[in-house]
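Notes follow the structure.
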Amino acid sequence: MRTHDPIQVRSSLPVVLLSICVMLLGGCGGYVLKGRAVVGAYNTIELVDKDDPRLADRGTPGVRVEAIRDPQSLGRKIVASANSGGDGTIRLAISDFGAGFLEEQWELKAAMGGANYTANLFDLPFDSDSVRLLVVVQPGSGTPGGSLQMEAERELDNFDIRLPKDSAIYR
């Protein structure tokens, strides 16, 4: 009959607990916001209750939603994006560590056909399934690329400095 050494069992317990915590926090599949892009009389992007009646409005395809981490810093970066499907359905998967877990603000931004429609800052909820992402767009009311962004790009092009177009300074 073979017995286990109590010291060996105790020393492997923290490793097992740490592995379980990493699987739960790191998550398999990441953080996913589900929702819809709909046509409306105004432009907005919101996190709403799952039974919000506006989610049943006429959906619109081709709305691009971007999730921006650290939107108030120079290190801001787009970490996820998704386009609305034919019925307006959106599935925004954010695989960066800490989404919905760490206390931080994220910017969610909506654009369609080369025009910016709306943006808003959010603290993502821990349980992404408890809310829905609602994007309301009024077709034709978006601003083309943003005038400040276009002016900043024109100024940068006048200098001898060459920055990649995906640099944070262009966002």
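The values are calculated or read from the model by the stated rules, or taken from the named source; none is laboratory data. The structure displayed is predicted, hence computed values, not measured ones. Cβ sites come from the backbone with ideal geometry, for glycine too, and all protein chains shown count toward neighbours.
The requirement of being at negative phi, modelled with pLDDT under 85 and assigned to a helix (DSSP H, G or I) is fulfilled somewhere in region 137-147, by at least one residue. Can you confirm whether residue 87 is surrounded by fewer than 14 Cβ atoms within 10 Å (Cβ to Cβ) and modelled with pLDDT of 90 or more? In short, yes.
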